[in-house]
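Here's the structure we're looking at; comments come further down.
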């Protein structure tokens, strides 16, 4: 930190103003109106009558949301209004720039320190009296203004870059989805619709092993619900292991190309499916919340995976779910009559090849855009760290 910077307690350079609001014609700001970690206002400036107690604020205040899990909600309002009592209006004194305080509150270091003051188990809240005791570095006022100008410009550019990366990510996913839906929406010559039951050669529910019979030191990898990703990928990243007899290995061993269907899970996750793609040659077993399906000749399991993602099949599958929000199920008896559009085998293979290539390219682009988003996040952290340690250059 530079020599001409002072260290003050936050309560010494701010007024902590919880003034009850008496004007019901002012705009209202709730926690839902502040975007986490960005300071962006996403609410309405229209007047709103609120029955509960609210605090009054002006454009001289910084608004800080203390209720968790609303992490790091900070707003620099440009208008007068009223806010939730879970949002505290903090007014900087003359030697502290409002913009400097805003960026200091948004920094990760400050957020972590505030998070450490949480009290309350059911609805945890930051202890704002403790926060007022935090030390804040205070450069000379012109230096504060210079730092704020740099951060404002830099973060405006970061927001634009982030929005572009997110838009590109959405467009990339939409391209794959559009082609997938078009394939099954307008089937060509030779396509037929068949119930699932007529397509399969065998279906088996997996090996039962409770948690006590699972462990890293045992013999066979054991595929569970979490190994089926929501985007129909087989997830190799994490396994538990089990022991099994020779007969169990013979019955429950997976082969490349096996269709795996998640029969029991929460209501939004039940019905996940993937193709087993591990060609290592190792014996891998699967558990009793998963059904393994092998199809008849003339039916490509990878084609069926894509068919399960087309709108008509996905909607029909969703209607088959039974159970509660926490535990829902789709068993084979439910799947038997599920109608699947089937193309001739040569067309199936061509479609699988095209969709697999497109999905691979989509995933490559997703990785690029996600890396860009991660880099932007790290850039934000770095800029804020430099700003409040006196290292941010104006050059």
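The values are calculated or read from the model by the stated rules, or taken from the named source; none is laboratory data. All values reported here derive from a predicted model rather than from experimental measurement. Note that we place each Cβ from the backbone using ideal geometry, even for glycine, and neighbour counts take in every protein chain shown.
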Filtered residues of the stretch 245-273 (kept if in a helix (DSSP H, G or I) and either within 33 Å of the chain's Cα centre (by Cα) or in contact (Cβ under 8 Å) with a residue 40 or more places away in the chain (or both)): 248, 251, 252
Residues being over 23 Å from residue 301 (Cβ atoms) and surrounded by 14 or more Cβ atoms within 10 Å (Cβ to Cβ) - total across the stretch 195-212: 1
Verdict on residue 100 being in the same structural domain as residue 41 (by TED's automatic domain parsing), under 17 Å from residue 36 (Cα atoms), touching a residue at least 12 places away in the same chain (Cβ under 8 Å) and outside any loop (DSSP other than H, G, I, E, B): no
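Let's see how each residue does on (1) at pLDDT below 90; (2) under 20 Å from residue 210 (Cβ atoms); (3) out of contact with any strand residue (DSSP E or B) (no Cβ under 6 Å at 6 or more places or on another chain):
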{"position": "242", "(1), (2), (3)": "no, yes, no"}
{"position": "249", "(1), (2), (3)": "no, yes, yes"}
{"position": "253", "(1), (2), (3)": "no, no, yes"}
{"position": "258", "(1), (2), (3)": "no, no, no"}
{"position": "281", "(1), (2), (3)": "yes, no, yes"}
{"position": "294", "(1), (2), (3)": "no, no, no"}
{"position": "323", "(1), (2), (3)": "yes, no, no"}
{"position": "335", "(1), (2), (3)": "no, no, yes"}
Selection from the stretch 166-194 of residues that are in contact (Cβ under 8 Å) with a residue 40 or more places away in the chain and loosely packed, with under 13 Cβ neighbours inside 10 Å: 185, 188, 190, 192, 193
Residue 94, sole failed condition from (1) in a loop (DSSP other than H, G, I, E, B); (2) closer than 22 Å to residue 390 by Cβ; (3) at pLDDT 90 or above: (3)
Answer residue from the stretch 108-126, given it is in contact (Cβ under 8 Å) with a residue 40 or more places away in the chain and outside any helix (DSSP H, G or I) and is surrounded by the most Cβ atoms within 10 Å (Cβ to Cβ) among those: 126
The stretch 214-244: number of residues that are part of a loop (DSSP other than H, G, I, E, B) and either outside the structural domain of residue 314 (by TED's automatic domain parsing) or out of contact with any helix residue (DSSP H, G or I) (no Cβ under 6 Å at 6 or more places or on another chain) (or both): 16
